[in-house]
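The values are calculated or read from the model by the stated rules, or taken from the named source; none is laboratory data. Everything quoted here is computed from the prediction, not taken from an experiment. Positions of Cβ are backbone-derived with ideal geometry, glycine not excepted, and every protein chain shown enters the neighbour counts. These accessible areas exclude ligands, DNA and RNA; they are computed on the full protein's heavy atoms, side chains included. Shrake-Rupley method; radii C 1.70, N 1.55, O 1.52, S 1.80 Å.
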Amino acid sequence: MSTNAFLSVLPEMVTFLRVAESGSFSAAARQLGTTPSAVSRQVSRLEKHLGVQLILRTTRQLRLTAAGDAARVRCGELVAAAHAVMQVPQQIAGTPKGSICISAPKAFARHVLHPLLLQFLAQWPQVQLQLIATDHEVDPFREGVDLMIRVTRHPPEGFAARELMQVEQVLCAAPAYLAAHPAITHPSDLAVHSCLPLGEDAHDRCWRFRQGDTETKVVVQGRYAVNHSALRLEAMLVGLGLCTLPDYVARHALENRSAVQVLPDWNFLGSYGGRAYALYPPSRFVSPTLRALIDHLAAALE
């Protein structure tokens with residue numbers, strides 16, 4: 001069927017759907033504000049265009065053929081899509097309201113996301129938010145999560161992604177520790193220092209750094225391994241050694257000079273670095289509330 005022919009029978013498809021759903025020409029005619037004979041002619045015209053019989057007509061009842069049942073499903077999808085199109089202006093201009101569930105890594109949720117969500121709630125009193133702070137990967141379809149925040153170098157496939165901010169891992173130490181130990185001018189110097197690895201696997205003690213085109217690695221040692229950034233921060237501040245932290249976790253300590261960044265000209269290549277992305281299942285339309293939240297986060301973290 002050509003495009004022009006398809007457009008010419010769109011009304012007939014809607015009429016056929018009304019007949020299929022109501023079970024009679026008369027009921028469909030009442031819904032459409034026309035006569036049963038006019039409805040019957042429209043259905044016959046659709047059958048002629050398709051070249052198949054859609055409805056078996058008897059004096060007492062109507063029954064859909066196999067083709068008619070398949071056409072009913074497709075026509076229903078067509079009408080649903082048309083309704084969705086008609087709602088686009090409301091979705092774009094609608095006032096944010098309703099519920100949104102968000103997941104984010106614990107440290108990012110505490111240091112970055114939480115204050116911004118409080119601002120968003122203050123701005124939109126009809127919005128309800130649920131924040132799930134977890135370092136485990138979330139299945140948004142199974143767990144009912146509308147928006148995921150993930151720090152990664154490569155956003156996963158199958159999601160719409162909005163970049164929020166760059167995340168760097170910062171190597172730092174307490175000033176007292178640095179004053180009492182040998183100077184650090186190269187990553188290899190870390191081999192004789194006390195360090196605070198994550199301890200999640202054996203590779204966590206192999207720290208890799210890059211400067212320009214030069215990449216190097218060093219195996220570090222230390223008495224305390226902990227996979228929580230806030231706890232590593234506290235251990236570093238009391239002088240237990242050097243640690244790597246997301247820049248948003250280390251920022252306050254660096255600003256008040258209770259911590260010092262070490263090897264600032266080298267980039268740490270460990271985990272939990274890259275970019276923070278807002279991820280959500282791709283769909284044709286995004287609700288005004290979700291769109292407003294994503295825009296709010298992106299503007300604040302730009």
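The listed residues are Val192, Val138, and the only one of them that is closer than 15 Å to Tyr280 by Cα and without any contact (Cβ under 8 Å) to a residue 60 or more places away in the chain turns out to be Val138. Glu137 meets all of the listed conditions (1) under 30 Å from Leu196 (Cα atoms); (2) more than 14 Å from the chain's Cα centre (by Cα); (3) not β-branched (Val, Ile, Thr) but one, namely (2).
Table: residues versus (1) aliphatic (A, V, I, L, M); (2) within 21 Å of Leu7 (Cβ to Cβ); (3) surrounded by 13 or more Cβ atoms within 10 Å (Cβ to Cβ); (4) in the same structural domain as Val286 (by the TED database).
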{"residue": "Gly23", "(1), (2), (3), (4)": "no, no, yes, no"}
{"residue": "Val39", "(1), (2), (3), (4)": "yes, yes, yes, no"}
{"residue": "Val43", "(1), (2), (3), (4)": "yes, yes, yes, no"}
{"residue": "Leu46", "(1), (2), (3), (4)": "yes, yes, yes, no"}
{"residue": "Leu50", "(1), (2), (3), (4)": "yes, yes, yes, no"}
{"residue": "Leu62", "(1), (2), (3), (4)": "yes, no, yes, no"}
{"residue": "Val73", "(1), (2), (3), (4)": "yes, yes, no, no"}
{"residue": "Ala81", "(1), (2), (3), (4)": "yes, yes, no, no"}
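Of all residues in region 274-302, none satisfies the criterion of being touching a Pro at 6+ places or on another chain (Cβ under 8 Å), in a loop (DSSP other than H, G, I, E, B) and surrounded by 15 or more Cβ atoms within 10 Å (Cβ to Cβ).
Taking region 162-195 only, how many residues are hydrophobic (A, V, I, L, M, F, W, C) and in a strand (DSSP E or B)? Spell out the reasoning first.
Going residue by residue through region 162-195, those that are hydrophobic (A, V, I, L, M, F, W, C) are 164-165, 167, 170-174, 176, 178-180, 183-184, 190-192, 195.
Keeping just the survivors that are in a strand (DSSP E or B) gives 164-165, 167, 170-173, 195.
Selection size over region 162-195: 8.
When we screen Ala225, Ala191, Ala180, Ala253 for residues that are small (Gly, Ala, Ser) and in contact with a Cys (Cβ under 8 Å, 6 or more places away or on another chain), the only hit is Ala253. Filter region 209-228 down to the residues that are touching a strand residue (DSSP E or B) at 6+ places or on another chain (Cβ under 8 Å), of a type outside the set (A, V, I, L, M, F, W, C) and closer than 18 Å to Gln169 by Cα and list them by number. Answer for region 209-228, where residues must be touching a strand residue (DSSP E or B) at 6+ places or on another chain (Cβ under 8 Å), of a type outside the set (A, V, I, L, M, F, W, C) and closer than 18 Å to Gln169 by Cα: Arg210, Gln211, Glu215, Thr216, Lys217.
Return a yes/no flag: does region 171-193 have any residue that is touching a His at 6+ places or on another chain (Cβ under 8 Å) and closer than 27 Å to Ile294 by Cα. Within region 171-193, none of the residues are touching a His at 6+ places or on another chain (Cβ under 8 Å) and closer than 27 Å to Ile294 by Cα. Within region 105-131, take every residue that is touching a residue at least 24 places away in the same chain (Cβ under 8 Å) and in a loop (DSSP other than H, G, I, E, B) and give me the one that is least open to solvent (accessible area, probe 1.4 Å). Going through the qualifying residues, I end up with Pro105.
Scanning region 141-153 for residues that are closer than 19 Å to Val249 by Cβ, surrounded by fewer than 16 Cβ atoms within 10 Å (Cβ to Cβ) and at pLDDT below 90 turns up at least one hit.
Taking region 233-266, which residues are surrounded by fewer than 18 Cβ atoms within 10 Å (Cβ to Cβ) and not hydrophobic (A, V, I, L, M, F, W, C)? Those that are surrounded by fewer than 18 Cβ atoms within 10 Å (Cβ to Cβ) and not hydrophobic (A, V, I, L, M, F, W, C): Glu234, Gly239, Asp247, Arg251, His252, Glu255, Asn256, Arg257, Ser258, Gln261, Pro264, Asp265. Say whether the condition of being crowded, with 17+ Cβ neighbours inside 10 Å, under 21 Å from Tyr248 (Cβ atoms) and modelled with pLDDT of 95 or more is met by at least one residue in region 180-187. No - not one qualifying residue is present in region 180-187.
Residue check: is Val218 outside any loop (DSSP other than H, G, I, E, B) and more than 24 Å from Glu137 (Cα to Cα)?
On the way: outside any loop (DSSP other than H, G, I, E, B): yes; more than 24 Å from Glu137 (Cα to Cα): yes.
It is true that Val218 is outside any loop (DSSP other than H, G, I, E, B) and more than 24 Å from Glu137 (Cα to Cα).
For every residue, the table says whether it meets (1) at pLDDT 85 or above; (2) part of a helix (DSSP H, G or I); (3) out of contact with any strand residue (DSSP E or B) (no Cβ under 9 Å at 6 or more places or on another chain).
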position: Met1; (1), (2), (3): no, no, yes
position: Phe16; (1), (2), (3): yes, yes, no
position: Val19; (1), (2), (3): yes, yes, no
position: Thr34; (1), (2), (3): yes, no, yes
position: Gln42; (1), (2), (3): yes, yes, yes
position: Leu46; (1), (2), (3): yes, yes, yes
position: His49; (1), (2), (3): yes, yes, yes
position: Leu56; (1), (2), (3): yes, no, no
position: Thr59; (1), (2), (3): no, no, yes
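Listed by first and then second residue, the pairs with beta-carbon distance under 7 Å, at least 6 apart or on different chains, first residue in region 213-239 and in contact (Cβ under 8 Å) with a residue 60 or more places away in the chain and farther than 18 Å from Ala107 by Cβ, second of a type in the set (Gly, Ala, Ser) and open to solvent by 70 Å² or more (accessible area, probe 1.4 Å), are Gly239/Ala176.
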